[in-house]
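*Asks:* Got a structure for you, written out below as structure tokens; questions coming shortly.
The values are calculated or read from the model by the stated rules, or taken from the named source; none is laboratory data. Note that the coordinates shown come from a computational prediction; the quantities given were computed from them, not determined experimentally. Glycine also receives a Cβ, built like all others from the backbone with ideal geometry; neighbour counts cover every protein chain displayed. SASA here: full protein model, heavy atoms, side chains in, ligands and nucleic acids out. Shrake-Rupley method; radii C 1.70, N 1.55, O 1.52, S 1.80 Å.
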Amino acid sequence: MPPTPSAARRAPRIAVIGGGIGGLTLALALRRHGLRAVIYEQAAELAEIGAAVALSANATRELERLGLGAALAAVSTEPTELIFRDGRSGARVAAFPVRDGGAYRERFAAPYYGVHRADLQKVLGGALAGEGLHLGHRLAALDQRGDAMALTFENGAEVEADLVIGGDGVRSVVRRWITGGDKVRYSGTSAFRGVVPMGLLPSLPDPQAIQFWMGPEAHLLHYAIGGEADSVNFFAVVEGPETWTSDRWLAGIARAEHRAGFAGWHPAVIEMLDALPQSQRWGLFVTDPLRRWHRGRAVLMGDSAHAMLPHHGQGANTTIEDAVTLAELLAELPAAGGACDLDRMMRRYQGLRQRRTRTIQRSAWATNRLLHLPDTAGPEALARRDARMARFPEDFGWIHAFDARATALEAAAGGSRAA
Ligand SMILES: Cc1cc2nc3c(=O)[nH]c(=O)nc-3n(C[C@H](O)[C@H](O)[C@H](O)COP(=O)(O)OP(=O)(O)OC[C@H]3O[C@@H](n4cnc5c(N)ncnc54)[C@H](O)[C@@H]3O)c2cc1C
């Protein structure tokens, strides 16, 4: 019988916890390099219902490189413009072309898309075609045994891996093992959301644009989604409640409670809020900045590492960046990649990802304050906010211009030169 190859001689056994946007993208990106990941997902099937996601160029350029461009384009909508409006009068505060005149693609060399989460999941899951995907596996515990990690699942399965990647979302089990505590925090803001057929929104101006309606202590964001662009995904955020007592995302609300923060707002906003029965509010949770993203042979990606307020629409986009970065660094490991190489790879990964995601997290908090500026802030503060919104592309273009793959390759090349 031939000897079992040691960890120092063969490609690392990679276990990804979580088959969300990050886990699926990572497996696809690794496959492109001939590396195989095994995904363990708690759900019995990959299903994401009723919500949408906005994908910006920093993610769409990566999904296109993974060969998903045509499939994604078929289920997505490109907004005509990005518009900031006064939530009550509906006046345009600032507007920038996106699809119009090809402005966004010209600047960032990749599209901006609104897409149903279920469709995105189907595009990613369809490309993976079930390869290495283990559904119904909820990670219960992990531990290090020598150079390997031992994983125990609630269904009784036990496996070993050379590297564990925690793509298990904001309430990550892997993060708890790495940091020794729970770093998730309620943001003090909550949201109502829905997907509304365009026909129910007769008062909506510029229905094909992505629009922020701003007002005191609240804002509403929406964009068209789907290959036909016939629905609007909206996301209405309010300050409060002060505390969140449930350990779940969702909390039941009284009838019409969702309208309380939007009294006197533009009819388009009210139509959206009222188009669907609303019985729940979403608590918005964030991950506190982590000192370290890895321990032993386990490392974090996506929401487990940097869940953020969604006001730059960057949670999924930065998760896709993480996945691509990890895949490029893993692909650069020497063929005989051993424990030391994995350690170096994880340090390099954290070095590449921590500052960027922390900056976006912080910026999302600042944007929350701008979007929710109360009238009591006074006319000068409101004018400053409007001026800030008018500089949106200059101030935040760096988020969309980022090229995760090129950055990772550059770092890997620098590292090999240094080695
Ligand atoms: C209301 C809302 C709107 C948003 N809008 C946008 C947007 O427009 N643009 C954007 O970029 N981002 C947006 N985001 C953020 C985005 O959804 C997340 O950042 C992104 O999904 C993170 O991907 P992930 O793979 O890290 O985690 P997830 O997509 O949450 O996936 C985690 C996966 O891990 C699985 N899992 C969890 N625990 C275990 C376990 N113990 N064992 C096995 N599996 C486990 C889960 O079932 C899940 O499938 C929004 C978020 C919210 C809440």
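*Asks:* Conditions: (1) open to solvent by 10 Å² or more (accessible area, probe 1.4 Å); (2) within 16 Å of the ligand (Cβ to nearest atom); (3) more than 30 Å from Ile178 (Cβ to Cβ). Met272 meets all but one. Number of the miss?
*Replies:* Only one criterion in (1) open to solvent by 10 Å² or more (accessible area, probe 1.4 Å); (2) within 16 Å of the ligand (Cβ to nearest atom); (3) more than 30 Å from Ile178 (Cβ to Cβ) is unmet by Met272, namely (1).
*Asks:* Since Ser187 meets every condition but one in (1) within 12 Å of the ligand (Cβ to nearest atom); (2) loosely packed, with under 14 Cβ neighbours inside 10 Å, which condition does it not meet?
*Replies:* Unmet for Ser187, out of (1) within 12 Å of the ligand (Cβ to nearest atom); (2) loosely packed, with under 14 Cβ neighbours inside 10 Å: (2).
*Asks:* Could you check how many residues of segment 242-260 are surrounded by 10 or more Cβ atoms within 10 Å (Cβ to Cβ), away from the ligand (no atom under 16 Å from the Cβ) and either among the hydrophobic types (A, V, I, L, M, F, W, C) or at pLDDT 95 or above (or both)?
*Replies:* 2
*Asks:* Please list, ordered by residue number, the strands (runs of 3 or more DSSP E) wholly in segment 41-99 having 1 or more residues that are within 12 Å of the ligand (Cβ to nearest atom) and surrounded by 19 or more Cβ atoms within 10 Å (Cβ to Cβ).
*Replies:* 52-55
*Asks:* Limited to segment 281-305, what total is found for residues that are closer than 18 Å to Val16 by Cβ, more than 11 Å from the ligand (Cβ to nearest atom) and either touching a Gly at 6+ places or on another chain (Cβ under 9 Å) or not small (Gly, Ala, Ser) (or both)?
*Replies:* Counting residues in segment 281-305 that are closer than 18 Å to Val16 by Cβ, more than 11 Å from the ligand (Cβ to nearest atom) and either touching a Gly at 6+ places or on another chain (Cβ under 9 Å) or not small (Gly, Ala, Ser) (or both) gives 6.
*Asks:* When you go through (1) in contact (Cβ under 8 Å) with a residue 24 or more places away in the chain; (2) open to solvent by less than 40 Å² (accessible area, probe 1.4 Å); (3) more than 10 Å from the ligand (Cβ to nearest atom) one by one for Arg347, which number turns out not to apply?
*Replies:* Single failed check for Arg347: (2).
*Asks:* Is one or more of the residues making up segment 325-336 more than 10 Å from the ligand (Cβ to nearest atom), closer than 26 Å to Gly181 by Cβ and crowded, with 20+ Cβ neighbours inside 10 Å?
*Replies:* yes
*Asks:* Taking segment 306-319, which residues are near the ligand (Cβ under 8 Å from one of its atoms) and either modelled with pLDDT of 95 or more or over 23 Å from Tyr112 (Cα atoms) (or both)?
*Replies:* If the condition is that a residue be near the ligand (Cβ under 8 Å from one of its atoms) and either modelled with pLDDT of 95 or more or over 23 Å from Tyr112 (Cα atoms) (or both), then Ala307, Met308, Gln314, Gly315, Ala316, Asn317, Thr318, Thr319 are the ones that fit.
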